[in-house]
Amino acid sequence: MCGIIGYIGNRRATPLLMQGLRRLEYRGYDSAGIAVLDGNSLFCERTAGRIDALKEKIGERRPEGTVGIAHTRWATHGIVSEHNAHPHRACNDSLVIVHNGIIENYRELRAELQATHTFTSDTDSEVLAHLIESCHQGNLRHSVACALSKVRGTYGLVVMHADNPDLLVCARMGSPLVIGMGEHEYFVASDATPLLPYTKDVTYLDDGEIAELRRDGVRIYDLREKTVHKDIQRIEWNDEQAQKQGYDHFMLKEIFEQPVVFRDAVRGRKIPEDGTAYLGGLNMTESQMRNVSRVVFVACGTAYHAGMIGKYVFERLAHIPCEVEVASEFRYRDCVLDDRTLVFAISQSGETADTLAAVREARRKGAIVRGIVNVVGSTIARETDGGTYIHAGPELAVASTKAFTNMVAVILLYALQFGRLKHVSLADGQQFLQAHFEIPSKMEQILNMNDEIAAVARRYARYRDFLFLGRGINYPVALEGSLKLKEISYIHSEAYPAGEMKHGVNALLGPDFPVLAIMTKNQLYEKMRSNIEEVRARGSKVILIATEGDTDARQLGDDVLTVPSTIEALEPLLNTIPLQLFAYHAATMLDRDVDRPRNLAKSVTVE
Ligand code: F6R
């Protein structure tokens with residue numbers, strides 16, 4: 001969603017902010033803008049559309065200033081247009097703001113301010129500029145604190161005033177802001193990606209905090225304006241990881257990184273001699289673990305699919321009843337939780353608003369809440385009482401790929417760790433770990449089939465509808481394959497558990513409705529086979545994901561993509577990869593903006 005970058009230091013702010021905006025592009029946006037203070041004069045330019053359009057608008061006018069703010073907007077209130085793009089100015093043209101979040105009471109505030117202030121946009125954000133202006137009596141931080149005391153909603157906010165050219169003021173409530181610490185230069189951004197070329201030392205603002213950034217340092221206060229002391233953290237990611245490294249798209253690069261990042265996710269977390277895993281971040285004793293009576297996964301989108309796989313493996317290995325909940329439903333439901341319920345919040349970004357709200361709700365109700373998160377230092381990581389980083393590295397394509405497999409990798413280890421305290425034998429645990437150990441080389445084998453998968457995807461890319469089928473642990477894989485296809489290629493697609501077809505979906509089958517089915521050799525193989533026979537009998541083309549050496553599959557599928565065999569619990573780690581590549585190649589064939597699909601944002605920080 002919206003991206004913010006702010007800078008104060010000794011370098012020219014304009015090129016730095018423009019580069020920062022490019023690094024924020026992956027979050028998804030529809031317009032962009034920049035404001036730089038050149039002495040006491042304020043340069044501000046905005047545009048609907050891409051950053052290249054903003055660059056063109058700025059043209060040769062390059063302000064020399066060394067303090068500025070910039071923003072990529074993802075429209076929520078008000079159409080995509082220049083006048084709705086940020087930065088927003090107050091009436092006297094001295095004060096500018098960039099904002100991420102939603103001001104819920106903006107209508108009331110706007111109605112009050114309209115008598116004395118002229119509004120020029122349809123956004124909720126603009127109200128902040130006028131409100132701060134109306135509170136302003138010289139001290140910018142006091143003015144921001146005063147304005148925010150009247151606001152209901154969420155904000156990641158950065159404010160700049162021409163009368164204070166040596167100061168940026170930032171505030172956070174619900175929408176992330178990270179402050180980067182340099183040598184006599186400071187940065188603020190929605191996430192750490194734009195800071196990577198300059199510094200790895202950061203501090204994360206918490207809700208209700210206001211920061212002043214000056215060239216000689218950063219001071220952080222709470223909303224009552226008391227000083228807050230915060231630790232500086234070191235970002236593990238490097239700038240190289242955040243580049244395409246020769247791939248055409250981030251998504252392709254991230255698909256191909258899976259064998260490597262899988263190893264990172266599991267390194268040091270397996271104990272082969274005991275046939276178990278140890279994820280220390282769980283922060284629970286063995287007796288507390290044995291006392292868990294129920295596991296609930298909460299997540300959104302792709303992370304939710306990882307949670308669905310978690311349900312299968314937890315119930316199978318650990319014999320603990322398990323549920324999976326879409327976070328946006330969970331947060332508003334009267335979910336029954338107690339101190340024996342273990343809630344895992346799964347999130348790549350660690351900032352998804354609904355998942356975060358679910359974490360807060362679960363904690364309020366006394367559940368044990370842990371995170372399975374990629375971005376170190378993210379809000380969910382900080383607000384859970386432990387958990388595990390999945391170590392997938394920066395994921396910059398909007399469509400999640402390597403984070404999904406790493407979420408599954410970590411959940412599988414959790415299931416084993418719990419399972420070994422209950423029902424799983426040493427021999428079974430060791431067999432599981434051996435199969436787990438073989439996964440990266442098997443992933444590589446599938447990635448080597450990229451050209452073959454591309455050829456199949458291109459043959460099917462012109463169909464308008466698609467159906468993905470799976471059963472058991474491969475049903476969530478089918479859902480994930482379908483989500484990947486629709487989000488980046490815009491082909492309509494659905495996913496079903498194959499046994500459910502007779503109850504309605506069969507009506508859709510026919511020559512215009514190809515079916516991609518996961519029919520690997522597991523306990524449901526024969527059932528799946530009969531389901532595919534029925535699909536074929538109704539005239540749909542069939543693409544099969546089948547186990548290597550399955551000669552019957554060749555007769556059943558119009559096209560067959562094979563994967564190496566593994567134990568059933570680990571199949572999703574392999575079976576997902578051909579589906580990711582299928583979606584990728586279908587989308588490139590249709591000339592889609594693969595890394596930045598329309599209407600989608602990488603990090604969904606508003607409800
Ligand atoms: C789909 C996708 C989204 C995210 C969802 C949750 O490819 O990426 O469905 O999985 O928005 O995001 P995180 O994992 O950051 O909470």
- Note on the structure: Within region 265-281, the residues that are open to solvent by 50 Å² or more (accessible area, probe 1.4 Å), in a helix (DSSP H, G or I) and in contact (Cβ under 8 Å) with a residue 40 or more places away in the chain are 272, 274
- Task: Please give the number of the condition residue 308 fails out of (1) closer than 19 Å to residue 385 by Cα; (2) within 27 Å of the chain's Cα centre (by Cα); (3) open to solvent by less than 60 Å² (accessible area, probe 1.4 Å).
- Result: (1)
- Does residue 456 fit the bill of being in contact with a strand residue (DSSP E or B) (Cβ under 8 Å, 6 or more places away or on another chain) and within 30 Å of residue 330 (Cβ to Cβ)? no
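Would you mind stating whether residue 407 is away from the ligand (no atom under 16 Å from the Cβ), open to solvent by less than 10 Å² (accessible area, probe 1.4 Å), in contact (Cβ under 8 Å) with a residue 40 or more places away in the chain and under 28 Å from residue 489 (Cα atoms)?
Values: away from the ligand (no atom under 16 Å from the Cβ): no; open to solvent by less than 10 Å² (accessible area, probe 1.4 Å): yes; in contact (Cβ under 8 Å) with a residue 40 or more places away in the chain: yes; under 28 Å from residue 489 (Cα atoms): yes.
Answer is no for this residue.
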- Say whether the condition of being away from the ligand (no atom under 12 Å from the Cβ), open to solvent by 50 Å² or more (accessible area, probe 1.4 Å) and either farther than 24 Å from residue 244 by Cα or part of a loop (DSSP other than H, G, I, E, B) (or both) is met by at least one residue in region 376-389. yes
- Item | Residues of region 462-520 satisfying the condition of being charged (D, E, K, R), buried (at least 21 other Cβ atoms within 10 Å of the Cβ) and out of contact with any strand residue (DSSP E or B) (no Cβ under 7 Å at 6 or more places or on another chain) | 480, 484, 487
- Task: Considering only region 84-99, state which residues are out of contact with any Pro (no Cβ under 8 Å at 6 or more places or on another chain), modelled with pLDDT of 90 or more and not small (Gly, Ala, Ser).
- Result: 84, 86, 87, 88, 89, 91, 95, 99
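Tell me, which residue of region 144-192 that is free of Cβ contacts under 8 Å to residues at least 24 places away in the same chain and under 14 Å from residue 209 (Cα atoms) is surrounded by the most Cβ atoms within 10 Å (Cβ to Cβ)? Explain how you work it out, then say what you get.
Within region 144-192, the subset free of Cβ contacts under 8 Å to residues at least 24 places away in the same chain is 146-147, 180, 183.
Narrowing further to those that are under 14 Å from residue 209 (Cα atoms): 146-147.
Details: 146: 17, 147: 24.
So, considering only residues that are free of Cβ contacts under 8 Å to residues at least 24 places away in the same chain and under 14 Å from residue 209 (Cα atoms), the one surrounded by the most Cβ atoms within 10 Å (Cβ to Cβ) is 147.
One line per residue, one yes/no per condition, for (1) touching a residue at least 12 places away in the same chain (Cβ under 8 Å); (2) of a type outside the set (A, V, I, L, M, F, W, C); (3) assigned to a strand (DSSP E or B); (4) within 16 Å of the ligand (Cβ to nearest atom):
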{"residue": "442", "(1), (2), (3), (4)": "yes, yes, no, no"}
{"residue": "445", "(1), (2), (3), (4)": "yes, yes, no, no"}
{"residue": "455", "(1), (2), (3), (4)": "no, no, no, no"}
{"residue": "463", "(1), (2), (3), (4)": "yes, yes, no, no"}
{"residue": "483", "(1), (2), (3), (4)": "yes, no, no, yes"}
{"residue": "493", "(1), (2), (3), (4)": "yes, yes, yes, yes"}
{"residue": "500", "(1), (2), (3), (4)": "no, yes, no, no"}
{"residue": "507", "(1), (2), (3), (4)": "no, no, no, no"}
{"residue": "512", "(1), (2), (3), (4)": "yes, yes, no, no"}
- Would you list the helices (runs of 4 or more DSSP H) that sit entirely within region 514-607 and hold 2 or more residues that are more than 30 Å from residue 441 (Cβ to Cβ) and without any contact (Cβ under 8 Å) to a residue 40 or more places away in the chain? 525-537
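The values are calculated or read from the model by the stated rules, or taken from the named source; none is laboratory data. It should be emphasised that the depicted structure is a prediction, and the values quoted were computed from it without experimental measurement. When we count neighbours, we look across all protein chains shown, and the Cβ atoms used for this are built from the backbone with ideal geometry, even at glycine. In case anyone asks, the SASA skips ligands and DNA or RNA and just uses the protein heavy atoms, side chains included. Shrake-Rupley method; radii C 1.70, N 1.55, O 1.52, S 1.80 Å.
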